[in-house]
Amino acid sequence: MTRINFIFVTAAILFVAFCLGWFANWLIHRFTRVSQADVDQLEQMGQELHEAEETRDQAITYLQQREAELTNQLAQTEAELAAAMEGLRDARHEAEELRSQIEN
């Protein structure tokens, strides 16, 4: 093999290696490329997620307010019940005293 043949064979091998590398790079970028439609869909999903989180936060706030109202209302009702029970107890005691006075 002469020096010229060796240079041509080496150049051909390097050119083929370059072409294979370029083709492999093109294939990788072709299969891993993200299309604009996918990006748009991801942006839409992100926006919908943000809106859902805001709705969830609003629902949690509403439920906390409603729970506070119901707790307050329950406390008032329990206080009224205690007062009514106390009044009923006093009325029964008074009725017993009146019965005992009438019997005597």
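What follows is calculated from the coordinates using simple rules that are stated; it is not laboratory data. Not measured: the values here are computed from a predicted model. Note that each Cβ is placed from the backbone with ideal geometry, even for glycine, and that neighbours are counted across all protein chains shown.
Extension gain, residue 25-residue 89: 0.36 nm per intervening residue step, less the Cα-Cα distance, totals 13.8 nm. Among 79, 24, 37, the largest mean-square fluctuation in a Gaussian network model of the chain (Cα springs under 10 Å) belongs to 24.
Taking the Cα centre of the chain as origin and charging only Cβ (+1 Lys, Arg; -1 Asp, Glu), how large is the dipole, in debye to the nearest 20? Intermediate values should be presented prior to the final figure.
Values: 8 positive and 18 negative charges, 367 e Å.
Value, rounded to 20: 1760 debye.
In sequence order, the range 77-91 has phi-based couplings of 5, 5, 5, 5, 5, 4, 5, 5, 5, 5, x, 5, 4, 5, 5 Hz under the Karplus curve 6.51 cos²θ - 1.76 cosθ + 1.60, θ = phi - 60°, and Gly or Pro positions carry x.
Computed from backbone phi, the HN-Hα couplings of the range 17-25 come to 5, 4, 5, 5, x, 5, 5, 5, 4 Hz, rounded to whole numbers (Karplus: 6.51 cos²θ - 1.76 cosθ + 1.60, θ = phi - 60°; Gly and Pro given as x).
For the range 48-55, backbone phi angles converted through the Karplus equation (6.51, -1.76, 1.60; θ = phi - 60°) give residue-by-residue couplings of 5, 5, 4, 5, 5, 5, 5, 4 Hz, Gly and Pro being listed as x. Of the trypsin sites (Lys or Arg not before Pro) in the range 3-80, the ones in a loop by DSSP (not H, G, I, E or B) with at most 16 other beta carbons within 10 Å are 33.
Given axes a ≥ b ≥ c from the Cα gyration tensor, I'd like to know whether the range 56-104 is rounded (a/c under 1.5), prolate (a/b larger than b/c) or oblate. Present the calculation step by step, with values, prior to reporting the outcome.
On the way: a/c = 12.73, a/b = 10.53, b/c = 1.21.
Prolate shape, in that a/c is at least 1.5 and a/b is the bigger ratio.
Highest GNM mean-square fluctuation among 17, 82, 59, for the chain modelled with Cα contacts below 10 Å: 17. Specify whether the C-alpha gyration tensor of the chain places it in the rounded, prolate or oblate class, a ≥ b ≥ c being the square roots of the eigenvalues: rounded for a/c under 1.5, otherwise prolate if a/b is larger than b/c and oblate if not. Because a/c hits 1.5 or more and a/b exceeds b/c, the chain counts as prolate.
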